[in-house]
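Structure, as structure tokens:
The values are calculated or read from the model by the stated rules, or taken from the named source; none is laboratory data. Here the structure is a predicted model, which means the values were calculated and not measured. In this analysis, Cβ positions are derived from the backbone assuming ideal geometry, glycine residues included, and neighbour counts consider all displayed protein chains.
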Amino acid sequence: MSESSAPAPAPRSDTREEIAGDAASPLTALPETAASSSTDLTTTRLGLAEQLDGQRQALLEVAEAIALHRDLGELFHDLAGRLHRVVQFDYLNLVLHDTARNVMRLHILETSQPTRVRPGLELPVGETPAGTVWETQQPLVVADIEQESRYPTLLQTLRQEQVKSFCMLPLTTAHRRLGALGFGRTVLHRYSEAEVEFMQQVARQVAVAVDNALNYRSAQAYQQQLAQQRDRLQVLLEVNNVLVSHLDVRELFEAIAACLRRVMHHEYTSLALYDPATKRMRVQFLDFPEGRGLIREEMSIAVESSPSGCSFRSRQPLLASRADLEKYDSEIARHLLAEGVRSVCCVPLVTRNRVLGALNVASLRDAAFTQEDADLLSQVSAQIAIAVENALAFKEIAELKNKLAEEKLYLEDEIRTEFNFEEIVGDSAVLKLILRQVETVAPTDSTVLIQGETGTGKELVARAIHNLSNRRERTFVKVNCAAIPTGLLESELFGHERGAFTGAIARKIGRFELAHGGTLFLDEVGDISLELQPKLLRVLQEQEFERLGSTRTIRVDVRVVAATNRDLARMVAEREFRSDLYYRLNVFPLLMPPLRDRHEDIPQLVRYLAQKYARRMNKRIESIPAETLDALTRYHWPGNVRELENLIERAVILSAGPALRVPLAELKPPAEAATEGLVTLEAAERQHILRALEETNWVLGGPRGAATRLGMKRTTLQSRMSKLKITRPA
């Protein structure tokens, strides 16, 4: 047993040694290799776990960044910093598809590298990797762009930017395909499946953020558009209300300018209306508080060489920049440039039948007006055009109404004077010569100057000229220049605006406007002051003038007939009357003969005047004694027909029966009158004052009045007349 059992331990010992000896052999190394592999696997697993944790953390940070940023630019800048820890890239970009144009547009490019590529770059869908990704909805990885040939245009740009590889991922939500998210590197790099899978997860979150941002931007744009439409509709409503409540064009313009200023930035607003008479436009209303005064109301504008004129002619809105303004060769364009205007918008005022003018706005900013602004102004101008047409019609009607009222008052006064052409009575040769001259000049529009002593019938001849002319259907207007104070004569002739001077509480139409189309009779024209004569000369030559207090030129069609009892030629020589005005008045002179040169007409005049006043007084005058007619015929009549008329009127009053009883005692021969004048100083003074009064047509005050001629004050003259019992004949 002992022998048999003895050798048994030996093999076990050998075996252990073998095993022990194998520790240094490959066989003995197997347990150690297994242990090492287990350690590497553990390390790999730990690395993968850390990578997954990093990716999960990155995804959480992506979600956090999306929650923090609504602006896409800020979001991508933040994402670039967060993703660099888990994804290798040098460029991060967002490419979106433009549905309207079917192109791929670079929306955002985030990189720390210097680049010449700018957002906004557009390429057709088939010529860009982003387009391929957008169409296929599959990621696209290019490890080496030199091995890619499908996108030559883009690849050339990438080479210039030193991009070697890239990866594009689709950006898609449940509702739509947006575009692509791109990662690029400046070295060769093949993104692994794990990296691509992670970037796809990032792209899914980014797609939602981009979709939300685009939706928000669209909503904001729609909201802004709706707000603009609301504001513009509100403006149109306000303009409509303004039109209803304002008839005055100035008030209308100011209210509309205030409405436009709330929805459209501008510093300058004007309304230019076309004047058919001058074939130019005129700035009727202006709102330019920041201007330097170069542009003003009533400024004339050339239609052919101005922005508003071009809009007026084309009947289309016009947008002009500063460079465009420099092309216009006109005063208004130069003034706009000098005022610093950099953009202009003009729209025509079009009614159903005609173009009235243009509404103009301007700004000191570049490109201040859009096509939408022009469209709004066109809508406003359509309403303004109707209002302006109505306002102009209302103004014309009001002026015609005022003119008719003035004419009515004037004609009523004229009717009361009972002057008629038939009152030119007589058959003398000198009178017939005058009437033949009247018939010759009446059909023309030439100016006529009637000269003669006071009371010779100059006004009757002026009326005869009017009645025989082509203007007989229009108004005959008379102005006694000596009876109106010098300070008021200009207003009487040319009119004035409200506020032109103290006491001008309303607009007044002048006699020249009142006589438009007719005849203006300027009686005692020699009494017009030297200061007023140039303005009268201008009207005679140009047929145009301005009212006091206005810069608007008024054109009239008036025939002027002037009369005077003064020697204008002598006044010109003594520099009391302008020579150019004298020559302009003296186109066709008529010299009225005094009554003492028409003795053969006196009996006829006496009979006519006696019947005239008899009818007025309801009396019957059937005869005139021959001796009375002889006495009246022999009298020298220093007061001419006016003196005879006054004497016959007194005679009719004094006549109790059918025979005319004339107070012949009042008629004194010149010699007797001169002798009697030496009787007393009081009689001489009375005769002297009477003569001065007759020569001045009984005008007391003023530079041409009787008081001035007598060298005394008006109050002193009135006192002497009262003492001497001097009264004006009826």
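Gln137 satisfies every condition listed in (1) on the phi < 0 side of the Ramachandran plot; (2) surrounded by fewer than 14 Cβ atoms within 10 Å (Cβ to Cβ); (3) of a type outside the set (A, V, I, L, M, F, W, C) except (1). Inspect segment 293-300 for any residue being under 23 Å from Leu392 (Cα atoms), in a loop (DSSP other than H, G, I, E, B) and among the polar types (S, T, N, Q) and give the result as yes or no. No: zero hits. When restricted to residues that are touching a residue at least 12 places away in the same chain (Cβ under 8 Å) and in a helix (DSSP H, G or I), segment 612-633 contains 7.
Hey, among Val95, Val103, which residue is out of contact with any His (no Cβ under 6 Å at 6 or more places or on another chain) and buried (at least 19 other Cβ atoms within 10 Å of the Cβ)?
Numbers: Val103 fails: buried (at least 19 other Cβ atoms within 10 Å of the Cβ).
It is Val95.
Looking across segment 445-488, the residues that are surrounded by fewer than 21 Cβ atoms within 10 Å (Cβ to Cβ) and in a helix (DSSP H, G or I) come down to Glu459, Leu460, Asn467, Thr486, Gly487, Leu488. Scanning segment 550-593 for residues that are modelled with pLDDT under 90, more than 30 Å from Gln284 (Cβ to Cβ) and not in a loop (DSSP other than H, G, I, E, B) yields a total of 0.
Looking at the structure I just gave you, is Lys508 in contact with a strand residue (DSSP E or B) (Cβ under 6 Å, 6 or more places away or on another chain), over 17 Å from Glu544 (Cβ atoms) and surrounded by 21 or more Cβ atoms within 10 Å (Cβ to Cβ)? It would help to see each step written out before you state the result.
Numbers: in contact with a strand residue (DSSP E or B) (Cβ under 6 Å, 6 or more places away or on another chain): yes; over 17 Å from Glu544 (Cβ atoms): yes; surrounded by 21 or more Cβ atoms within 10 Å (Cβ to Cβ): no.
No; evaluated as a whole, the condition is false for this residue.
Name the single residue, out of those in segment 253-293 being closer than 22 Å to Gln543 by Cα and among the hydroxyl-bearing types (Ser, Thr, Tyr), that is surrounded by the fewest Cβ atoms within 10 Å (Cβ to Cβ). Selected residue: Thr278. Of the residues in segment 307-323, not one is at pLDDT below 85, in a helix (DSSP H, G or I), under 20 Å from Thr370 (Cα atoms) and of a type in the set (Gly, Ala, Ser). Filtering segment 133-153 to residues that are touching a strand residue (DSSP E or B) at 6+ places or on another chain (Cβ under 6 Å) and more than 19 Å from Glu195 (Cα to Cα) leaves Trp134, Glu148. With respect to (1) crowded, with 17+ Cβ neighbours inside 10 Å; (2) within 19 Å of Thr454 (Cβ to Cβ), the lone exception for Ile621 is condition (2).
Could you tell me how many of the residues in segment 328-355 are of a type in the set (Lys, Arg) and at pLDDT 90 or above? Number of matching residues: 2. Taking residues in segment 438-463 that are free of Cβ contacts under 8 Å to residues at least 40 places away in the same chain, and partners anywhere that are crowded, with 18+ Cβ neighbours inside 10 Å and outside any loop (DSSP other than H, G, I, E, B), the pairs with Cβ atoms closer than 7 Å and at least 6 places apart or on different chains are Ala442/Ile465.
Within the set of pairs 6 or more residues apart or between chains, which connect a residue that is farther than 14 Å from Glu298 by Cα inside segment 533-553 to a residue that is part of a loop (DSSP other than H, G, I, E, B) and hydroxyl-bearing (Ser, Thr, Tyr) with Cβ atoms less than 8 Å apart? As it stands, the answer is Leu540/Thr447, since those pairs meet every condition given. Taking the criterion of being over 18 Å from Ala569 (Cα atoms) and outside any loop (DSSP other than H, G, I, E, B), the only residue of segment 522-535 that qualifies is Lys535. For segment 353-385, the set of residues classified as free of Cβ contacts under 8 Å to residues at least 60 places away in the same chain and either more than 21 Å from Arg280 (Cα to Cα) or in contact with a Gly (Cβ under 8 Å, 6 or more places away or on another chain) (or both) consists of Asp366, Ala367, Thr370, Gln371, Ala374, Asp375, Ala382, listed by residue number.
No other residue among Ala482, Ala464 is in contact with a helix residue (DSSP H, G or I) (Cβ under 7 Å, 6 or more places away or on another chain), of a type in the set (Gly, Ala, Ser), at pLDDT 90 or above and farther than 18 Å from Gln543 by Cβ apart from Ala464. Only residues that are surrounded by fewer than 17 Cβ atoms within 10 Å (Cβ to Cβ) and in a loop (DSSP other than H, G, I, E, B) were counted in segment 150-160, giving 1. I'm checking my understanding of the structure. Among residues of segment 161-173 that are in contact with a helix residue (DSSP H, G or I) (Cβ under 9 Å, 6 or more places away or on another chain) and outside any strand (DSSP E or B), which one is nearest to Val206 (Cα to Cα)? Only one residue fits best here, namely Thr173.
Applying the condition of being of a type in the set (Asp, Glu) and closer than 19 Å to Ala272 by Cβ to segment 371-395 and asking which residue is surrounded by the fewest Cβ atoms within 10 Å (Cβ to Cβ) yields Glu389.
On the basis of being part of a helix (DSSP H, G or I) and crowded, with 16+ Cβ neighbours inside 10 Å, does Glu195 make the cut? Against the criterion (part of a helix (DSSP H, G or I) and crowded, with 16+ Cβ neighbours inside 10 Å), Glu195 qualifies. Of the residues in segment 489-515, how many are assigned to a loop (DSSP other than H, G, I, E, B) and on the phi > 0 side of the Ramachandran plot? Adding up the residues that qualify gives 2.
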